[in-house]
Amino acid sequence: MQDKRYTKVTDSERDTISWQLAKGYSMREIARILDRSPSTISREVNRDISKISGNVYGSSRAGRRSGKYKLEGNLVLYNHVIEKLFLLWLPQQIEKRLIQEYPDDISMQISSESVYRYLYVKPSGELRKLLRHGHLRRRRRGRPKKEETRGKIPDMTMIDERPEEVIPRLVPGHWGGDLLKGKYNKSAIGTLVERSTRYTLLIPLPELNAQSVRRAFAEAVLELPSDIRRSLTYDQGKEMAEHIEFTLDTDMQVYFAHEGAPWERGTNENTNGLLRQFFPKGTDFTQVSIEELKRAQDLLNNRPRRVLHWQKPHEVLATVLH
């Protein structure tokens with residue numbers, strides 16, 4: 001067959017090339033799909049190898065505007081992406097879930113880089129607010145803060161004594177607990193995160209003392225099915241001083257992390273960071289309604305997570321409970 005006369009590769013074609021390569025198609029197969037000559041596809045890929053992604057074609061240089069064109073030319077995809085952005089999903093979360101939900105429909109797939117490019121090239125209105133507030137900004141992780149030195153809690157059972165089943169996160173029902181502090185550390189909410197599913201509970205706290213925290217945490221976990229109430233791991237904050245009473249109330253053993261070792265409770269540290277999207281530092285939690293807490297909890301539990309292979313915490317929890 002005679003080679004077709006070469007014409008410039010379009011942005012739409014670049015997007016198709018990128019996705020088909022990611023799915024394992026050969027250049028000859030992609031050429032057949034696009035009705036192009038294999039040499040044209042090969043020349044395009046070799047010309048646009050992305051240095052960032054490690055010699056992987058990403059349509060990064062030659063197709064900078066492809067995401068913009070694809071979104072503006074596909075109303076269904078555009079509405080889906082915008083909806084998820086306003087639910088505070090990250091572009092990568094949108095990309096990975098679209099692949100899962102539309103594995104055979106390229107028109108409903110878009111790369112996270114294309115979403116970022118669209119937002120930064122043409123931010124407007126509410127989208128500009130998302131960028132300004134940093135919800136879609138790529139952030140570098142700083143070093144974890146050292147936990148403050150506080151008074152010893154009597155009769156602590158240390159984290160080293162947890163059952164072996166806790167460590168690999170294969171058995172559900174082992175939770176991490178913490179406080180998310182508010183303005184001047186005078187108010188806070190409680191956070192409970194299930195280790196295997198990353199399902200998160202946000203708990204209003206009327207007061208910041210051991211009795212109030214113990215009662216609020218116990219009330220929250222007693223609403224859970226008994227087979228996912230196994231243990232709670234906490235730092236050495238004095239608000240957990242009534243841990244023995246909590247265990248009597250809930251039949252959940254409490255384990256304490258070592259001082260100055262936040263990595264022992266990495267899931268809680270990460271969750272608190274995510275929650276700052278909803279409740280920035282300086283928030284007065286006495287002014288935050290239960291409805292606002294419930295909305296933030298639902299948004300967090302309905303976000304796909306890399307660690308869950310892009311499933312949502314509530315989806316994984318539902319699987320565990322059935």
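Bridgeable aspartates and glutamates around K152 (alpha carbons under 19 Å apart, same-chain partners fewer than 8 residues away excluded): D160, E161, D178, D235, E239, E242, E245, E259, E264.
In terms of the mean number of neighbouring beta-carbon atoms within 10 Å, the peptides 310-318, 79-87 order highest first as 310-318, 79-87.
Sorted largest first, the principal axis extents computed over the alpha-carbon atoms of region 202-242 equal 28, 21, 16 Å. Here each label is just a point 7 Å from Cα along the line to Cβ, and for E245 and L274 those points are 3.2 nm apart. Cβ-to-Cβ counts within 10 Å put W89, W263 in ascending order as W263, W89, the fewest first.
What FRET efficiency comes out for the pair A318/H258, r = Cβ-Cβ distance, R0 = 30 Å, nearest 0.05? The computed FRET efficiency comes out at 0.30.
For region 300-312, the Karplus equation 6.51 cos²θ - 1.76 cosθ + 1.60, evaluated at θ = phi - 60°, returns couplings of 5, 6, 10, 9, x, 10, 3, 5, 9, 6, 6, 7, 9 Hz by residue, with Gly and Pro reported as x.
For region 258-304, trypsin sites (Lys or Arg not before Pro) meeting the loop criterion (DSSP other than H, G, I, E, B) and having at most 10 other Cβ atoms within 10 Å: K281. For region 208-219, 3J(HN,Hα) computed residue by residue from phi via the Karplus equation (6.51, -1.76, 1.60; θ = phi - 60°) reads 9, 9, 4, 5, 5, 5, 4, 5, 5, 5, 5, 4 Hz, glycine and proline entered as x. Between R47 and L299, full extension at 0.36 nm per residue minus the direct alpha carbon distance yields a gain of 86.6 nm. As an equivalent ellipsoid, region 174-322 spans semi-axes of 21, 19, 15 angstrom, where each value is the square root of five times an eigenvalue of the C-alpha gyration tensor, largest first.
A short reminder: the numbers here are calculations on the coordinates, not readings from a lab. This structure is a prediction, so every number in the text was calculated from the model and none was measured. No Cβ is skipped: glycine too gets one built from the backbone with ideal geometry, and neighbour counts run over all protein chains shown.
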